[in-house]
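Here the structure is laid out as structure tokens; the discussion comes afterwards.
The values are calculated or read from the model by the stated rules, or taken from the named source; none is laboratory data. Being a predicted model, the structure only gives us computed values, none of them experimental. Note that each Cβ is placed from the backbone with ideal geometry, even for glycine, and that neighbours are counted across all protein chains shown.
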Amino acid sequence: MPEFSRILLKLSGEILREGEVAFAAERIRPIAEAIATVRAEGVQVGVVVGGGNLFRGREIPEEMSRAEADQVGMLATILNAAMLRFHLLASGTPARVFAPRAVPPVAEFFDRARALAAMEDGEVLIFGGGTGNPYFSTDSAAALRAIELEADILLKGTKVDGVYDEDPIAHPDARRFETLSFDEVIRRDLKVMDQTAIALCRDQGMQIMVFGFTEPENLVSVVRGTLRGTVIG
């Protein structure tokens, strides 16, 4: 029995990459299958996808402004959203892509009422294009969409199984947190999501769970309540 009726899943673009392949089918297909399983169990699903497999802001040419780089990054997220939609449709799962600006025929303009109606009809919603504004990350976009769509929880899938006080890959003795308050995340400057996203979730009471997504079926376990990541709230 699912623990949640409506979730917003935040995925990094890097999760879609395998080696030099930006849109690795062997990475995207299992993710789509896990989302399809959750949706088949009656859970309404929204997904915000990052663009780090294609373009990262820290790699911008010196002559390019941050605003220009962010626009390119937002386009990258729409490509990722379209690829995830393709694999969802291939699995027999209805899905559509929304973005702050329409990109026909790939993405339609985000309208909250239309998006909610689509979720109620059982469609998986994939959000590309970030917030539509430079200087805001896809973490902020995920927080915004989770709040707008009144999700039960914002789930962030990462390479590790929760939030640690240090990078657990570089520091094997790092401490893992079971729970954290929003203020503690901000005070410790923990690299969970950007602080704009954390503050927005805090102010609107949107709980976050950070969990390991190296195995996509973990999403199913989290929704069923048999796997628990770090809960922030």
Quiz item: Just for region 55-90: of the residues that are surrounded by 16 or more Cβ atoms within 10 Å (Cβ to Cβ) and in a loop (DSSP other than H, G, I, E, B), which one is farthest from the chain's Cα centre (by Cα)?
Solution: Ile60
Quiz item: Any idea how many residues of region 144-177 are part of a loop (DSSP other than H, G, I, E, B) and either in contact with a helix residue (DSSP H, G or I) (Cβ under 6 Å, 6 or more places away or on another chain) or touching a residue at least 40 places away in the same chain (Cβ under 8 Å) (or both)?
Solution: 8
Quiz prompt | Residue under evaluation Ala99, criteria (1) surrounded by fewer than 16 Cβ atoms within 10 Å (Cβ to Cβ); (2) free of Cβ contacts under 8 Å to residues at least 40 places away in the same chain, criterion not met | solution = (1)
Quiz item: Can you spot a residue in region 163-170 that is of a type in the set (Val, Ile, Thr) and within 30 Å of Glu120 (Cβ to Cβ)?
Solution: no
Exercise. Report the residue count in region 182-233 for those that are free of Cβ contacts under 8 Å to residues at least 40 places away in the same chain, hydroxyl-bearing (Ser, Thr, Tyr) and outside any helix (DSSP H, G or I).
Key: 1
Practice problem: Could you tell me whether region 160-175 includes any residue that is surrounded by fewer than 14 Cβ atoms within 10 Å (Cβ to Cβ), at pLDDT 95 or above and not aliphatic (A, V, I, L, M)? | Solution: no
Practice problem: Considering each of Val45, Val38 in turn, give the residue that is buried (at least 21 other Cβ atoms within 10 Å of the Cβ), closer than 21 Å to Thr138 by Cα, in contact with a Leu (Cβ under 8 Å, 6 or more places away or on another chain) and not charged (D, E, K, R). | Solution: Val45
Quiz item: Looking at region 136-143, is at least one residue at pLDDT 95 or above, assigned to a strand (DSSP E or B) and buried (at least 18 other Cβ atoms within 10 Å of the Cβ)?
Solution: no
Self-check item: Residue in region 20-27 that is assigned to a helix (DSSP H, G or I), touching a residue at least 60 places away in the same chain (Cβ under 8 Å) and at negative phi present
Solution: yes
